Amino acid sequence: MTSQAITIRGLTKAFGRNAVLRGVDLDLPAGQVTVLMGANGAGKSTLVKVLCGVHAADAGEIRLDGRAFAPAGPAAALRSGVVTVHQNINDGVVPDLDVASNLLLDSLAEGGGLFLNRRRMRAEAGKIAAAIGLELDMARPVAGLSLADRQLVAIARAMAHRPRLLILDEPTSSLSLTEAQRLFALIDRLRGEGVAILYISHRMSDIRRLADRIVSMRDGQVSGLFETVPLDYSGAVRAMLGHEITEVDIAIPVPGAVMLEARGLRLKPEARAFDLTLRRNEVVAITGLVGSGKSALAAALFGLEAPVAGEMRLDGRDYRPRRPAEAVAEGVFLAAKDRLINAVVPGFDIQQNLTLPFTPRHAGPLGLIRRAAERAAAERAIAAMGVVCQGPRDGILTLSGGNQQKVVVGRWMAEASRLLILDEPFQGVDIQARRDIGRRIRDSAAERATLVLCAEIDEALEVADRILVMSEHTLVGDHRNENIDLARLMTEVSGAADRTKEPA
Amino acid sequence: MKSLSLTELAIRYGFLLLMAGLIVVFSVLRPAFLSPQSGVFILQSVAITGILALGVTATLVVDGFDLSIGAVATSAMMLSAYVMVIWEMGAVPAVLLCLGMGALVGLVNGLLIVKMRVPDLLATLGMMFLLVGLQRIPTQGNSISTGMMLPGGQAAEGSFAPEFLMLGRHRIDFILPDLVPLSVVVLIVIALLTWAFLELTRHGRVMYAIGSNAQAAGLAGINVAGYRILAYVISGVMASIGGILLAARLGRGDVASGNNLLLDSVAAALIGFAVLGAAKPNAFGTAIGALFVGILLQGLTMLNAPYYTQDFIKGAVLVVALVFTFALSGRVGRARR
């Protein structure tokens, strides 16, 4: 009989009008690993932030070992026994201090005595490390440790609090295979000690290795709970991605000549090589889970990072860009994902954001910008994308997310391209903006090859002529977007992992 | 045009109104304050710091900082004196060598920051230290002037070329005969050029993009590293121009001069953030910032405020301007989001 460490009932949280958690019910039993799956924006991170005290819930109840749990802040959550190891490992350690100081960081922060007793500190830290079987030189600075060891230090420090719930947010995303194995061994040990573990990941191999139960989240709610052995991994992925498709109305045109041809492309040393052909007047979507290699492909095509191996030809000529400027000069454009990090220039107005990549085309002698030409180009782009704004001189941050996205996508459609890559072009936009952007992508596609990368299958179905599936940094499926076999597509999204052998 | 709230009006025009108010108050108390001579004196007093401030503005635009400008200026002063007094060369080689030195220092700063990944403050701090020391080595710590004793025992024969001294001392007939010093003309020309470069050309636009979101700029195909380096080269060249004017005004290579250049010019650039509610580095604001400090000091001096209160006053103006920029306009900016 397992006891419930945490029970969550009817949890809601909204940011402004944006409801992120819409009534989450979830139990986390002690001594079990619960894997939480969900696409971007499903509400995973918000749920974690409520649990670890960063955000307060709007409504709903959390009980920890039967007592109401509403932490006032991260420190309070920690004291109550909810420990979180964040995705970004360096958030959890102080690189300049030695291992012992890192392990004792929380007690150092709480004070007690003015001077530090090094020997006693090392002995105490040694005990903490031994408790989880961590063998490290206590005097070593953390900066000299591998990522995995840093993470184990962060976990060991967390464990000193005798946690009831340990939350691991994509802990293996920057670890190698052997490093991950050490983490898994530690998780097994903690599970044996009766700690409830909430493990957030997209890596099917991790999930298969660790999960006792899987919870899928979608649109701020739990969309699936899987706890009967054998676990239904494909079902969990389906529950996370959803499959209600709304009025897909794609007329597939006859594709033109080959625009981009990649042969033997290898994105990671251990990944399988693949070929990719993109044609003029064809919109191709690549779907796959987060971390499946979609963005790595975009990086290779846009000259951000050279592929490990493989040849690329663009419009019949060898293509090997070394930096984005070369890709742009060849007519390969990338509208990057995560607009606030990679695309929006917050200090600029709409017009300046729209014309950013192509200032030379609006500049005359001495590089002087021709205001009228720039403004006309901006107004054309605003009209074409349907950006809702008062005028091109409004600040970009006065726009809603959907309209910001139209601007940063629209900047790459203002000039003719050979290959337009759109990485998550529908990220964080409302349904209307999604339709507008999708329509604009299709309407302007005749003279170029278009590649759309999106984790959501719905989005791929709405925009593409052809859908490719990516998994483990290689292509595993190719579908014409016509009477598509969704079950097969879903299996490919999750299923590649089902086929991979588990590392010993 | 949208109607502006009172706070927005205050943020936009507050600083300019304050400056106008100061001019009115000083003119009432001391009518001589309004004379052309007084105006020109103010401009002359801020010419060198103004030029340096415009240079540092370029680095601020790309979200960098150049602490070495003061040291570059004094190095240029010493170099020009050395070239003319000890090597006995003319004005043109002196000016060209100084400009080249400024560009080289800027290039090294830029490479340290972009290629070696040294944080901007630390790289330029190191460069400042290095230059302060370097400029004293050739003369064993002495100032350079005609007739000085050389290590060999003989006196230095060379002298400052008259054309060079004109840069600092010549006055042009404007309204009154012999009114406007050449250094003021240089300041105005450089201010206009900097403004045009930053506001009207695509290069300035791209530099602002880098300062606002370098990652996005890089993904838009912009050569982020190149423009960063360019900003430091601009800053170095401007600082060397300031140093040339300083040498031309003093007529000697004075090891004790130019101590305040760095702080004064950085203050002018930062005060510039508050002008017209820009909340970002901008050439017009920098020029106004330098002018504001000049007006305030000239007015207070005419009211017999002692010289030793000057730094205090400059510091107070800077703090008020920074509050203006970050607290007030930041609040409005957040509300709009």
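Remind me, relative contact order of region A:258-499 in percent, using alpha carbon pairs under 8 angstrom and six or more residues apart?
Values: 485 pairs, mean separation 70.1, N = 242.
After rounding, I find 29 percent.
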With just the Cα atoms defining each centre, how far is region A:189-210 from region B:73-104? Give it in Å. 69 Å
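Going by average Cβ density within 10 Å per residue, which order do the peptides A:417-425, A:129-137 take, highest to lowest?
Numbers: A:417-425: 23.6, A:129-137: 14.9.
Packing order, densest peptide first, comes out as A:417-425, A:129-137.
Would you please name the chymotrypsin sites (Phe, Trp or Tyr not before Pro) within region B:19-89 that are DSSP coil residues with at most 15 other C-beta atoms within 10 Å of their C-beta? List each step's numbers first, then the result.
Details: sites: B:Phe26, B:Phe33, B:Phe41, B:Phe65, B:Tyr82, B:Trp87; in loops: B:Phe65, B:Trp87.
Those satisfying the criteria are B:Trp87.
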Just give the residues from region A:332-370 buried by at least 50 square angstrom of accessible area in the all-chains context relative to the isolated chain, probe 1.4 Å, and say none if nothing qualifies. A:Asn342, A:Phe348, A:Leu356, A:Thr359, A:Ile369
Where the centre of each part is set by its Cα atoms, how far does region B:34-61 sit from region A:320-351, in angstrom? 38 Å
For chain A: lysine pairs with Cα atoms under 30 Å, gap of 8 or more or different chains, count? 20
Would you compute, from DSSP H runs of 4+ residues alone, the mean residue ellipticity of chain B at 222 nm, taking -39500 (n - 2.57) per run and dividing by the full residue count, rounded to the nearest 500? -22000 deg cm²/dmol
Take peptides A:185-192, A:475-482, B:273-280 and line them up by average Cβ neighbours within 10 Å, highest first, as a rough protection proxy. B:273-280, A:475-482, A:185-192
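Give the carbon-plus-sulfur fraction of the accessible surface of region A:258-499 in %, rounded to a whole number; probe 1.4 Å, heavy atoms of protein chains only. It would help to have the intermediate numbers written out before the result.
Numbers: 4550 of 9300 Å².
The value for region A:258-499 is 49 percent carbon and sulfur by accessible area.
Return one whole number: the accessible area per residue of the protein assembly as shown in Å², for a 1.4 Å probe. Mind dumping the intermediate values first?
On the way: 36990 Å² over 841 residues.
Heavy-atom SASA per residue in the protein assembly as shown reads 44 Å².
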Averaged across the residues of B:202-212, what count of C-beta atoms belonging to other chains lies within 10 Å of each residue's C-beta? 6
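Is the C-alpha gyration tensor of chain B telling us rounded, prolate or oblate? Criteria: a/c under 1.5 is rounded; beyond that, a/b larger than b/c is prolate, otherwise oblate.
Numbers: a/c = 2.07, a/b = 1.24, b/c = 1.66.
Note, shape of chain B comes out oblate.
Pop out the carbon and sulfur fraction of the accessible area of region B:6-332 as a percent, whole number, probe 1.4 Å. Kindly include the intermediate steps, with their values, before the conclusion.
On the way: 10000 of 14040 Å².
Carbon with sulfur: 71 percent of the solvent-accessible area.
Arrange the peptides B:121-134, B:296-309 so that the one whose residues have, on average, the most other Cβ atoms within 10 Å appears first.
Values: B:121-134: 17.9, B:296-309: 14.1.
Ranked by mean Cβ neighbours within 10 Å, highest first: B:121-134, B:296-309.
At 1.4 Å probe size, with the rest of the protein present, what percent of the exposed accessible area of region A:92-160 is carbon and sulfur atoms? Spell out each step's value before the answer.
Numbers: 1950 of 3590 Å².
Percent of accessible area from carbon and sulfur atoms in region A:92-160: 54.
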Residue-averaged [θ]222 nm for chain A, counting only DSSP H segments that reach four residues, each worth -39500 (n - 2.57): -9500 deg cm²/dmol
Tell me, what is the percent relative contact order of chain B, built from C-alpha pairs under 8 Å that lie six or more residues apart? 33 percent
C-alpha long axis of helix A:431-443 to longest principal axis of chain A, angle in °: 40 degrees
Calculate the dipole size of chain B relative to its Cα centre from +1 charges on Lys and Arg beta carbons and -1 charges on Asp and Glu beta carbons; express the result in debye to the nearest 20. 1120 debye
Alpha-carbon centroid distance for the pair region B:160-220 / region A:51-88, whole angstrom: 57 Å
Angle between the Cα long axis of helix A:486-499 and the longest principal axis of chain A, 0 to 90 degrees, nearest 10? 50 degrees
Probe 1.4 Å, protein heavy atoms only: A and B together bury a total accessible area in Å², to the nearest 100, of 2100 Å²
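The values are calculated or read from the model by the stated rules, or taken from the named source; none is laboratory data. The structure displayed is predicted, hence computed values, not measured ones. Cβ atoms come from the backbone with ideal geometry, glycine included; neighbour counts cover every protein chain shown. To get the accessible areas, we keep the full protein, side chains included, count just its heavy atoms, and leave off ligands, DNA and RNA. Shrake-Rupley method; radii C 1.70, N 1.55, O 1.52, S 1.80 Å.
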